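A short reminder: the numbers here are calculations on the coordinates, not readings from a lab. Bear in mind that the values here come from a model prediction, so they are computed numbers and not experimental data. Neighbour counts run over all protein chains shown; Cβ positions are idealised from the backbone, glycine included.
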């Protein structure tokens with residue numbers, strides 16, 4: 001049961017936050033992500049789309065990848081990624097920092113955002129725990145990190161996830 005400790009709060013948050021579609025992010029889907037030893041790139045793309053509330057506009061991996069690249073959320077090097085590729089902490093951190101529009105600290109501002117600086121920023125913001133950027137993300141970690149990202153979004157927007 002401890003394995004699903006982040007599942008229920010995230011589901012409730014998505015269901016009642018307003019603007020999130022419960023059908024696009026149901027308990028079975030969350031359970032399948034939480035149960036994975038290593039999260040896949042496709043899981044991250046799906047959750048990023050849900051975080052941005054545009055999951056219905058981009059229903060498949062390729063359309064999500066194209067959108068994320070065009071918006072600068074993922075670098076061009078990710079265009080060669082496959083849906084089943086394992087997700088690293090650094091990859092997730094980079095995409096999440098771009099999604100949340102965080103600018104990072106002095107090093108990131110001087111030298112540009114990279115995986116390591118993105119991870120440092122999310123650790124500072126309380127979204128991620130201290131890990132190495134090359135470590136793989138488990139399904140449970142992915143759901144927990146997205147829960148923290150939602151909390152940060154709500155905090156930055158005065159409690160309203162939609163920003164209204």
Can you compute the modelled spin-label distance between residue 57 and residue 80, with each label point 7 Å from Cα toward Cβ, in nm?
3.0 nm
Quick one: work out Rg over Rh on the C-alpha atoms of the range 54-164, Rh as Kirkwood radius.
0.95
Over 19 Å apart: what share of the alpha carbon pairs of the range 69-131 falls there, rounded to a whole percent?
28 percent
